Amino acid sequence: MPATQKSISDNVDQNADDRDELLTLPHLPQQVDDSRYISRDLSWLRFNYRVLDQARHIDRSIFDRLKFLSITSSNLDEFCTIRLGSLYNYLDYGKERFDYSGLRETPFRGMLLVEIRKYLNEQHQFYLSDLKPLFAKNGFRICEYQTLSEQDRGRVDQYFLRTVYPMLTPMMFDSYHTFPTLKNNRLLFGVVTRAVAENGQHRISFIQVPSNIARFYEILNMDGTLSFVPIEDIIRHNVHHLFRNIEILSVNLFRINRNGDFTLEESEDIESNFLEELKRKLQTRRTGRVVRMDVMEGADPWMMRLLKIQWDLDELNIFTVPADSMLDFTGLGQIISHKEFRDRRSQLRPPLKPISFPEYGERDLFEVLKERDIMLHHPYNSMEPVIELLEKAAEDPLVLSIKITIYRLARESRVSAALLKAAENGKHVSVLFEVKARFDEENNLREAQKLQKAGCFVIYGVGALKTHTKLLLIVRREPDDRVFRYVHIASGNYNEVTARLYTDIGLLTTKETYASDVSEFFNVITGHSQPSSYRNLITSPRDMRDELCRLARTEAENARKGFPSGIIIKFNSIQDKTFIDALYEASQSGVKIKLIVRGICCLRPGRPGLSDNIEVISIVGEYLEHSRVYYFHSAGDPKIYIGSADAMVRSFERRIESLVLLEQDILKKQAMNILAYNLADNVNAYVMKEDGSYVVKERGNTPPFNIHEEFYNVTRESIESVRLF
């Protein structure tokens, strides 16, 4: 049995009770339990428990287990920066807020921070008890400075003096020095000192650990193993070099998350200089109010009192890290990706040729697309056909124009390079570059300005809306003077790196119905056009919520009339109350509803009288599930949509999104097969309970079915025979 299949078969059975307890948050107030909806933020925390659960799979290598642990820390940083930050916008600005649980902003803050603390305690305990003891037998150690040999200490000290020491800058805070701006997500030291000449008065200085040096100093031992010495430990034991002739009372390591949510600060004046406004807000993210502070055990009480006052914190915002654990598990990346352990990590499998394009590599894609549509299912199918189409279009003298929406790009992006080449070759290139893509703003600004300088027509987003849709339109005049429009509509970003790690769906087509819709949509988002209708597109903020609710109500009506009905949807998150209520209504009418929700789920499944007919599973495993598929039975004539949108308020109201209706029978069956495989998975699947907790899906006597492996075995025959209801 493959390793990834064994993990939730052999391992889970013996630890099922322990893991189910881990995945279930403690009892919450009755008001929370009584709500028709699950709290978005508490649901997200449960998602991060499921990610942490991936690190518990004992059949995975220690490096893959550490990878998942690192992801949980990165996830939590983003959650605190954005979601906890958003909550503090309401608290700090005196705005009223009701959570889906029914709690007001102040009691909800208390409950949320308590749950974050429980999560962090579980995370660190797991690291110390389950992972750290495995390091030595896997060829490495994380070594404290004092455990090193005298010779190795000398080498480490020389590294400090030669490389680290010149980069450090103590920043004092007292009546003569203003409080320094300490950076977000950076290792920080608070050094408390005292000078005899100052009557023993305490002083504090802060030191930021540089982000452009390695987290660990590496030592190759005689036995071939590696020792990793944390940079923070090296600095701690050499900090006296920065404070000569001064008594050092304490050296305290900590880290902060700042509010990075701009919701209440967004300018409503869309005619203002948007780029300058965005740059200003990026600076604000670096100086936003502190919402979380992690500090190593044994921190100086005097320093802690000072920081609480300075940052307006209380004990709920402060999280103590055990002395033998590690501050910021994202730093483990240096070990996880180390070249010495390359063969010990899970390897990406080579992609398959698309079912609808088995001759890939043998025929010209421009010609094939005149004959038929092609569906790509990443990462099982490569993103190369899309990249190659774009690169070929950039060089092809018959191509007249290229239009594309960009949300996130790879750092060394072939997409960006192809667009630059197209502009250099005199083609009309229009790029809607979403410069508000969270945490990619600076990279997107840089790439967008580069394209603009090359002569591309660049639109920096559309007002206050985020452009999240993924669309590409290539216009080509063929040798016979006919004009073809080549279209790509997808759920994933034009990022060739994440396309190997995220599951996504893309449609390549030249069909006139799709081409006309996409052309009209580009006119809407780049100009001033309002088409009366689309043939195959559902878009937001225009009509997506209404149309999806209408489709759900149609299923309800069919069920009441005794016709076949059913809804199956796969997406990242569901949070919009209006759409949730439409699903509740369909459930009460007898419609069987199955949801595959990777992350946030604010809908309560299986509540008597409300959602008896709704089941929810979550798939979390080797790949990040990112594809969106909406299936409505429609009395035997299924309506199936793919695209970029989740069922979120932001997706329906504050983003430009699109879903496309599949027409061709084979494409419908490919999408149905994706849903069928997800529902059949019994290796990566968790079942959501009515109270919002999750349990590992029971396998019973059925053989393991791991979609992250089984999709590599899909055949046209298996797709042709797919059935959902």
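The values are calculated or read from the model by the stated rules, or taken from the named source; none is laboratory data. As the structure is a computational prediction, the values presented were derived from the model and not from experiment. Because the Cβ atoms are built from the backbone with ideal geometry, glycine has one as well, and the counts that use them run over all protein chains shown.
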Gly426: passes all of (1) in contact with a helix residue (DSSP H, G or I) (Cβ under 8 Å, 6 or more places away or on another chain); (2) closer than 20 Å to Phe484 by Cα but (1)
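Val399: buried (at least 18 other Cβ atoms within 10 Å of the Cβ) and either touching a His at 6+ places or on another chain (Cβ under 6 Å) or over 19 Å from Tyr514 (Cα atoms) (or both), yes or no? Explain how you work it out, then say what you get.
Numbers: buried (at least 18 other Cβ atoms within 10 Å of the Cβ): yes; either touching a His at 6+ places or on another chain (Cβ under 6 Å) or over 19 Å from Tyr514 (Cα atoms) (or both): no.
Considered against the rule, which asks whether it is buried (at least 18 other Cβ atoms within 10 Å of the Cβ) and either touching a His at 6+ places or on another chain (Cβ under 6 Å) or over 19 Å from Tyr514 (Cα atoms) (or both), Val399 comes out as no.
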Which members of the range 601-620 meet the condition of being crowded, with 24+ Cβ neighbours inside 10 Å and either in contact with a His (Cβ under 7 Å, 6 or more places away or on another chain) or part of a loop (DSSP other than H, G, I, E, B) (or both)?
-> Cys602, Pro605
Per the filter on the range 464-511, residues of a type in the set (D, E, K, R), under 22 Å from Ser540 (Cα atoms) and surrounded by fewer than 19 Cβ atoms within 10 Å (Cβ to Cβ) are none
Among residues of the range 27-69, those that are part of a helix (DSSP H, G or I), of a type in the set (S, T, N, Q) and at pLDDT below 95, counted | 2
What residue, among those in the range 610-632 that are under 20 Å from the mean Cα position of the chain (by Cα) and among the acidic types (Asp, Glu), is nearest to Glu547 (Cα to Cα)?
-> Glu625
When the range 364-396 is checked residue by residue, the ones that are surrounded by fewer than 18 Cβ atoms within 10 Å (Cβ to Cβ) and either β-branched (Val, Ile, Thr) or closer than 20 Å to Gly643 by Cα (or both) are Arg372, Glu384
Would you point out which residue out of Leu398, Leu376, Leu332, Leu409 is closer than 20 Å to His626 by Cα, modelled with pLDDT of 95 or more and aliphatic (A, V, I, L, M)?
-> Leu376
Among strands (runs of 3 or more DSSP E) completely within the range 655-710, the ones holding 3 or more residues that are of a type in the set (A, V, I, L, M, F, W, C) are 655-661, 685-688
Could you list, in sequence order, the residues of the range 97-134 that are touching a strand residue (DSSP E or B) at 6+ places or on another chain (Cβ under 9 Å) and under 30 Å from Gly331 (Cβ atoms)?
-> Leu113, Ile116, Arg117, Leu120, Asn121, His124, Lys132
When residues of the range 519-577 are filtered for being of a type in the set (D, E, K, R), surrounded by fewer than 18 Cβ atoms within 10 Å (Cβ to Cβ) and either at pLDDT below 95 or within 20 Å of Pro605 (Cα to Cα) (or both), how many remain?
-> 4
The one condition in (1) within 17 Å of Ser573 (Cα to Cα); (2) assigned to a loop (DSSP other than H, G, I, E, B) that Tyr630 fails to fulfil = (2)
Taking the stated definitions as given, is Phe179 among the aromatic types (Phe, Trp, Tyr) and assigned to a loop (DSSP other than H, G, I, E, B)?
-> yes
Looking only at the range 535-553, and only at residues there that are aliphatic (A, V, I, L, M) and in a helix (DSSP H, G or I), the one that is farthest from Glu512 (Cα to Cα) | Ala552
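Would the range 499-510 turn up any residue that is farther than 25 Å from Met648 by Cα and assigned to a strand (DSSP E or B)?
Of all residues in the range 499-510, those farther than 25 Å from Met648 by Cα come to 500, 508-510.
Then drop every residue that is not assigned to a strand (DSSP E or B), which leaves 508-509.
Within the range 499-510 (the criterion being farther than 25 Å from Met648 by Cα and assigned to a strand (DSSP E or B)), the answer is yes, since at least one residue qualifies.
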Give the residues of the range 208-228 that are under 12 Å from Gly139 (Cβ atoms), touching a residue at least 12 places away in the same chain (Cβ under 8 Å) and in a strand (DSSP E or B), sorted by residue number.
-> Leu226, Ser227, Phe228
